[in-house]
Amino acid sequence: MKDLIHQAADILAHAHRLVVLTGAGISKESGIPTFREAQQGLWAQQDPQRLATMQGFLANPTLVWDWYQFRLRLVEQAQPNPGHRAIAELEQRLPHVEVITQNVDGLHVQAGSRRVLELHGNIRRFKCLRGHGGLTMADLAGQEATPPLCPHPGCQALVRPGVVWFGENLDYRILNQAVADSEACDVMLIVGTSGVVQPAASLPYRAWNARARIIEVNPQPSELTDLAHVYLAGPAGVVLPQVLAVMSEQ
Ligand code: OAD
């Protein structure tokens, strides 16, 4: 493992354009559950069709609203962990770093990363079924209804979480940027994703095709591990600070 940490540190230290692609695993050490891990994963306990699709929302809007409110409370109590902070620190040390995350918790920004693409949206934002977006809990304050109704004058449509659900398209501007960044990077660091949800899971293939070096951090091998030039098997909050410590010695 020590050798692998040194290899990863060496690759990162020479990166001109780094993309960091993250998934739920980066936030696990902040107390936010992942989706697909056996036992504790959210999708091991809950049916994503009921909770994370438009059909599920229309069938039972209150259930879906309450579940996202529960997750919002978890996120609001969470703090960035040493893994998020190490990624933010990379931005200070390297010429160009982009974070592309599937997470909706905003913890990369909270940790100090400034260039962050949130592929699946942000759990603190809401939109109505007629398309009024960018709503916050403050905009919805004082409403008894669950879900609340759109506060735009004359609208009154149901308000839903502003995250991307299964079967929905990503914001095309964000996706285009993520694709362009992945094709332009010379190093991609993949952290804490199982690599099964598209289109996020295709981004490492774009980087690999463009001859980028790929580093992966994940305690368990993922669908993307075969692409990795260096695979670091361990929790992000432990492994990433070790990599940065070695970079500091170089
Ligand atoms: P998953 O739950 O599918 O995968 C989490 C990954 O994190 C697994 O590979 C774990 O082994 C790894 N992991 C666990 N602890 C870790 C740690 N401490 N450090 C590093 N890695 C760790 O989550 P995602 O790949 O993010 O989408 O899932 C992708 C998307 O599926 C999510 O964005 C969400 C979900 O349905 C939507 O809601 C649209």
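The values are calculated or read from the model by the stated rules, or taken from the named source; none is laboratory data. Remember, it's a predicted structure, so these values are computed and weren't measured experimentally. Heads up, the Cβs are rebuilt from the backbone with ideal geometry, glycines too, and the neighbour counts pull from every protein chain shown. Note: areas computed on protein heavy atoms with side chains; ligands, DNA, RNA excluded. Shrake-Rupley method; radii C 1.70, N 1.55, O 1.52, S 1.80 Å.
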Could you give me the residue pairs with C-beta distances under 8 Å whose first residue belongs to the range 27-46 and is more than 9 Å from the ligand (Cβ to nearest atom), whose second residue is hydroxyl-bearing (Ser, Thr, Tyr) and modelled with pLDDT of 85 or more wherever it lies, and which are 6+ apart or on separate chains? Gln40/Thr34
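Yes/no per residue for (1) in a loop (DSSP other than H, G, I, E, B); (2) surrounded by 19 or more Cβ atoms within 10 Å (Cβ to Cβ); (3) not polar (S, T, N, Q):
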{"residue": "Leu4", "(1), (2), (3)": "no, no, yes"}
{"residue": "Ala9", "(1), (2), (3)": "no, yes, yes"}
{"residue": "Ser27", "(1), (2), (3)": "no, yes, no"}
{"residue": "Phe35", "(1), (2), (3)": "yes, yes, yes"}
Those strands (runs of 3 or more DSSP E) lying entirely in the range 139-237 with at least 2 residues hydrophobic (A, V, I, L, M, F, W, C) and either within 29 Å of Leu72 (Cα to Cα) or within 10 Å of the ligand (Cβ to nearest atom) (or both): 187-191
If we keep just the residues of the range 196-233 that are open to solvent by 10 Å² or more (accessible area, probe 1.4 Å) and small (Gly, Ala, Ser), which is farthest from Thr22 (Cα to Cα)? Ala210
Matching residues in the range 92-106 - criterion: being crowded, with 21+ Cβ neighbours inside 10 Å and more than 13 Å from the ligand (Cβ to nearest atom): Val97, Glu98, Val99
Please pick out the residue among Arg85, Arg115, Arg71, Arg50 that is at pLDDT below 95 and under 20 Å from the mean Cα position of the chain (by Cα). Arg71
Odd one out for Val19 among (1) within 15 Å of the ligand (Cβ to nearest atom); (2) outside any helix (DSSP H, G or I); (3) modelled with pLDDT of 95 or more; (4) not charged (D, E, K, R): (1)
Checked pairs for the range 69-85, first surrounded by fewer than 18 Cβ atoms within 10 Å (Cβ to Cβ), second of a type in the set (Lys, Arg), C-beta under 9 Å and 6 or more apart or across chains, list as Leu72/Arg124; Glu76/Arg124
The range 238-250, residues that are open to solvent by 10 Å² or more (accessible area, probe 1.4 Å) and within 10 Å of the ligand (Cβ to nearest atom): Val238
